[in-house]
Amino acid sequence: MPALLQSRSDTDLALRTRLESLSAADKEFWAFRGNSRRGHAHAFFQYPAMMVPQMQRELIRAVATAKPALSSAFDPYVGSGTTLTEAMLHGLSFSGWDINPLAILLCQTKTGPFHPRALSAKLAEVLGRVAADSSDTLETVLPNTTKWFRRPVAVALSRLRRAVRAEPTLWARRFFWVAIADAVRLTSNSRTSTFKLHIREKEEIRKRRVSPTRVFEETATSNIEHLKAMCRDLTERELLEKGRYSHDVQIRLCDATKPRLLPRVSAGHDLLISSPPYGDNKSTVPYGQYSYLPLHWIDGRDIVEWWDESWLCSTHEIDSRSLGGVIGRGEPDTSELSAISPAFRRIAEALSSAPRDRLKRVAAFCRDLNRSLGPVLGEMRDGAYLIWTLGNRHVGGIPVPLNEIFADFLKARGCRPVADIARAIPSKRMAIKNSVSDTMRTESVLVFRK
């Protein structure tokens with residue numbers, strides 16, 4: 001066997017042995033029951049279906065043990081930035097993609113710079129501007145503003161928005177936009193018990209007494225403390241230089257199914273660690289709908305310079321841009337997917353007698369997920385490890401084996417399986433059921449090598 005192949009085989013064995021030993025020592029190890037606390041930057045914001053930080057930490061450690069030269073990581077569905085934060089704490093360079101502008105903002109904020117003392121002073125200035133603002137002008141183009149916000153709440157949010165926009169530094173504005181997003185989430189007329197926009201009862205709205213300014217101040221103050229903790233951890237690891245992370249971090253708002261419009265910023269990554277959606281957002285987790293109200297109070301140009309309001313043209317726009325979001329984006333070719341994946345062929349046959357939209361929805365999602373693998377694998381070095389956390393849901397009462405389908409997609413592109421870990425979901429905040437399908441109670445962690 002050539003030396004390179006022998007070396008990779010030995011590394012695969014070392015990684016598989018490490019993962020299996022953790023599972024053998026404690027069959028509930030990967031569930032992290034009672035041990036999934038979100039500290040420092042992980043605690044900035046309550047985002048849907050966040051990954052368990054401790055789990056990502058152990059996965060990165062396992063790869064680093066087997067492959068000591070590990071230097072960079074990539075997450076093409078970066079979400080709120082759990083993998084990003086753990087990669088930084090491990091001293092890795094990092095790249096992340098997402099289609100949701102709110103997710104990108106959260107990740108941008110978590111990358112620093114880490115100047116908590118300066119942020120405390122800037123927070124006092126923001127609150128001073130709010131106190132001095134007597135204008136009742138609303139700073140949003142949100143349709144049906146009065147449906148989602150009582151007038152005093154909308155006025156207070158507008159004053160906060162003006163005060164944050166007056167802050168001269170971009171990194172500080174981003175930090176405060178996250179606090180405004182939390183204030184919107186907790187003071188709007190939408191229920192917080194669901195990720196979907198769901199209006200509260202009229203009597204409940206009438207009786208509610210909420211203060212966006214107080215929520216903003218409490219969130220910003222708490223997040224500054226979380227930032228201090230992150231700063232201490234990075235400093236102890238000698239990963240900060242004048243308050244800035246010492247390795248490269250790139251966060252990009254983009255569609256993972258489309259080829260990169262910008263040149264790759266590195267020679268490729270050593271590790272991919274990600275948890276893509278488990279189905280189209282409509283029938284699993286509506287990340288875009290959850291983000292719709294907060295994004296209407298945030299200056300999108302502070303997220304990307306090329307921001308335009310089309311991202312918020314409807315409550316479903318961001319979700320429609322996500323995997324499987326538009327069924328009619330070319331009729332899903334079930335025969336093509338079936339040829340690639342025997343597991344997909346089985347689910348297509350099982351759904352053939354169900355209402356037609358069920359198979360079309362599953363096929364559209366699988367089509368887009370498979371399409372994303374071209375651009376995604378293009379970011380990885382030859383020999384890189386790929387770790388995917390996936391959930392299997394039910395559609396029309398029929399289980400969709402996404403872990404098997406996705407494994408087929410990877411094998412068709414020449415990727416080699418290394419390990420497969422099963423884990424229970426004890427605490428991930430997400431719906432178990434919705435009007436379209438059961439979602440998921442267990443996950444599979446697939447480990448492949450490119």
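Looking only at region 332-377, count how many residues are assigned to a loop (DSSP other than H, G, I, E, B) and crowded, with 19+ Cβ neighbours inside 10 Å.
Looking only at that region, the number is 3.
I'm trying to understand the selection: among the residues of region 269-301, which are open to solvent by less than 10 Å² (accessible area, probe 1.4 Å), farther than 24 Å from residue 177 by Cβ, modelled with pLDDT of 90 or more and not aliphatic (A, V, I, L, M)?
Of everything in region 269-301, those that are open to solvent by less than 10 Å² (accessible area, probe 1.4 Å), farther than 24 Å from residue 177 by Cβ, modelled with pLDDT of 90 or more and not aliphatic (A, V, I, L, M) turn out to be 269, 274, 276.
Is it true that residue 112 is of a type in the set (Gly, Ala, Ser) and either more than 18 Å from residue 243 (Cβ to Cβ) or open to solvent by less than 10 Å² (accessible area, probe 1.4 Å) (or both)? Full working, then the answer.
Values: of a type in the set (Gly, Ala, Ser): yes; either more than 18 Å from residue 243 (Cβ to Cβ) or open to solvent by less than 10 Å² (accessible area, probe 1.4 Å) (or both): no.
No; evaluated as a whole, the condition is false for this residue.
Report the residue count in region 379-400 for those that are touching a residue at least 60 places away in the same chain (Cβ under 8 Å) and open to solvent by 30 Å² or more (accessible area, probe 1.4 Å).
Total meeting the criteria: 3.
Take the residues of region 401-437 that are among the hydrophobic types (A, V, I, L, M, F, W, C) and either at pLDDT below 50 or assigned to a loop (DSSP other than H, G, I, E, B) (or both): which is least open to solvent (accessible area, probe 1.4 Å)?
Restricting to residues being among the hydrophobic types (A, V, I, L, M, F, W, C) and either at pLDDT below 50 or assigned to a loop (DSSP other than H, G, I, E, B) (or both), the top hit is 415.
Restricting to region 117-127, count the residues that are closer than 14 Å to residue 216 by Cα, without any contact (Cβ under 8 Å) to a residue 60 or more places away in the chain, open to solvent by 40 Å² or more (accessible area, probe 1.4 Å) and not aliphatic (A, V, I, L, M).
1
So residue 129 ticks every box in (1) of a type outside the set (A, V, I, L, M); (2) touching a helix residue (DSSP H, G or I) at 6+ places or on another chain (Cβ under 9 Å); (3) not in a helix (DSSP H, G or I) but one. Which box is left unticked?
With (1) of a type outside the set (A, V, I, L, M); (2) touching a helix residue (DSSP H, G or I) at 6+ places or on another chain (Cβ under 9 Å); (3) not in a helix (DSSP H, G or I) applied to residue 129, the lone miss is (3).
The values are calculated or read from the model by the stated rules, or taken from the named source; none is laboratory data. This one's a predicted model, so the numbers in the text were calculated from it and none came from an experiment. Note: ideal-geometry Cβ built from the backbone for every residue, glycine included; neighbour counts use all protein chains shown. These area figures cover heavy atoms from the full protein model, side chains too; ligands, DNA and RNA do not enter into them. Shrake-Rupley method; radii C 1.70, N 1.55, O 1.52, S 1.80 Å.
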